[in-house]
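Structure, as structure tokens:
The values are calculated or read from the model by the stated rules, or taken from the named source; none is laboratory data. What you see is a predicted model; the values in this text were computed from it and never measured. Using ideal geometry, Cβ is built from the backbone for each residue, glycine included, and neighbour counts are taken over all protein chains shown.
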Amino acid sequence: MPTPSPSFPSNHRRIRLLIVDDMPQVLEDLHLLLDLSGEVEVVGEAINGLEAIRQIGTLDPDVVVMDLEMPEMDGCQATCQIKKMDTPPKVIIFTVHSGLEIEQRVQQSGADLLIQKGDGFEMLMAAILSLNNDE
């Protein structure tokens, strides 16, 4: 038996999210888990930073969950460009990489948060919700 979706008041607006990762399985898994949360509407997926930048203007996400290492344009390069937009979305860098150098790169890019993929889905979901509550 399927689990019922949470019901929200009619004025409840789900968080619009763009997922950016070059691994198809990661995109698929995140999309499924985030949709099931009931709090998030995945409005798009991109396989690199360049594609993400192109999609932001038309999709108007509230939050972008961005991998760090990707072909064509990595997450930090894309975040720098995104944060120069008139009304940029919040950006969470979601990566397997760690260390002081990574933290510094992410901070310099203007990303709002850095979450390690190993921290789990619950941590990512909490980060998405906290960023949306900051508005």
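Kindly indicate which of Glu51, Glu69, Glu122 is over 19 Å from Ile15 (Cα atoms), among the charged types (D, E, K, R) and assigned to a helix (DSSP H, G or I). Before you say what the answer is, go through the steps one by one.
On the way: Glu69 fails: assigned to a helix (DSSP H, G or I); Glu122 fails: over 19 Å from Ile15 (Cα atoms).
Residue meeting the stated conditions: Glu51.
Within the stretch 55-66, identify whether any single residue is small (Gly, Ala, Ser), crowded, with 22+ Cβ neighbours inside 10 Å and either within 18 Å of Ile19 (Cβ to Cβ) or modelled with pLDDT of 95 or more (or both), and answer yes or no.
Keep residues of the stretch 55-66 that are small (Gly, Ala, Ser), which gives 57.
Next, only the ones that are crowded, with 22+ Cβ neighbours inside 10 Å stay: none.
No - not one qualifying residue is present in the stretch 55-66.
Going by what's in this entry, would Ile82 be described as among the β-branched types (Val, Ile, Thr), surrounded by 12 or more Cβ atoms within 10 Å (Cβ to Cβ), modelled with pLDDT of 95 or more and over 12 Å from the mean Cα position of the chain (by Cα)?
On the way: among the β-branched types (Val, Ile, Thr): yes; surrounded by 12 or more Cβ atoms within 10 Å (Cβ to Cβ): yes; modelled with pLDDT of 95 or more: yes; over 12 Å from the mean Cα position of the chain (by Cα): yes.
Taking the combined requirement at face value, the residue satisfies it.
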